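Comments concern the structure below.
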């Protein structure tokens, strides 16, 4: 007994239900477990984007601190 789930506008997959989970199905071709809960997927995508943004912002701050540190070293070298 397979569920029909839409993976996109024109792709229909016959998923094999996963026991004890209404939002998971197994692709019979690749054997991959697929999450069919669109809301959970969108939340995960949003969380990943937020984390990527946070990591990028942290790297920018590290670069700025390194640049400021180098400028302080240069200023102290000129003051002597």
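The values are calculated or read from the model by the stated rules, or taken from the named source; none is laboratory data. Here the structure is a predicted model, which is why all the values come from computation and not from measurement. All Cβ positions, glycine included, derive from the backbone under ideal geometry; neighbour counts span all protein chains shown.
A compact table of results
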read-out: Selected residue (only one of 66, 50, 40 is modelled with pLDDT under 95 and either closer than 18 Å to residue 15 by Cα or in a helix (DSSP H, G or I) (or both)); value: 40
read-out: Number of positions in the range 26-40 that are over 21 Å from the mean Cα position of the chain (by Cα) and either surrounded by 10 or more Cβ atoms within 10 Å (Cβ to Cβ) or touching a residue at least 12 places away in the same chain (Cβ under 8 Å) (or both); value: 3
read-out: Only one of 29, 23 that is in contact with a strand residue (DSSP E or B) (Cβ under 8 Å, 6 or more places away or on another chain) and at pLDDT 90 or above; value: 23
read-out: Condition met for residue 63 (within 24 Å of the chain's Cα centre (by Cα) and closer than 29 Å to residue 24 by Cβ); value: no
